[in-house]
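What follows is a short report on a single structure.
The values are calculated or read from the model by the stated rules, or taken from the named source; none is laboratory data. Every value quoted in this text rests on a predicted model; they were computed, and no experiment measured them. Here the Cβ is made from the backbone with ideal geometry for all residues, glycine too, and neighbour counts use every protein chain on show. Ligands, DNA and RNA are stripped out before the accessible areas are found, and what is left, the full protein with its side chains, is counted by its heavy atoms. Shrake-Rupley method; radii C 1.70, N 1.55, O 1.52, S 1.80 Å.
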Amino acid sequence: MEVLENEKFAEELMERYSSRGFGSMNKNDFEVMIFDLLKKYGDLKNKSNHQISLNLQIPETKVKRLDYESELKYNQKAKNVRSEFFD
């Protein structure tokens, strides 16, 4: 990540982490948030699940779960599709 990307990552991390009260996020939600930020600002965008699992040293099934949960929780595309549908 470049310096500017690092700053954006850190800013969004603190904004998301403290939005519900600093320290109140459980471990799973924290991992999902970090995974989403790594996809957004890191180099996970163009990597396969297998490559990501090797980089993060976690099982590929956990990569799939984190990806699925991050899409559900943070992806704006799904929210936009829903609002466009009802409009």
### Task
Only Lys, Arg, Asp and Glu count, each charged at its Cβ (+1, +1, -1, -1), so figure out the dipole size of the stretch 1-47 about its Cα centre, rounded to 20 debye.
220
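Summarise the accessible area of the stretch 29-75 (1.4 Å probe, protein heavy atoms) by the percent that is carbon and sulfur.
Of all accessible area on the stretch 29-75, carbon and sulfur atoms account for 54 percent.
Given axes a ≥ b ≥ c from the Cα gyration tensor, I'd like to know whether the stretch 1-54 is rounded (a/c under 1.5), prolate (a/b larger than b/c) or oblate. Intermediate values should be presented prior to the final figure.
Details: a/c = 3.64, a/b = 1.38, b/c = 2.64.
Oblate is the answer for the stretch 1-54, as a/c is 1.5 or above yet b/c matches or exceeds a/b.
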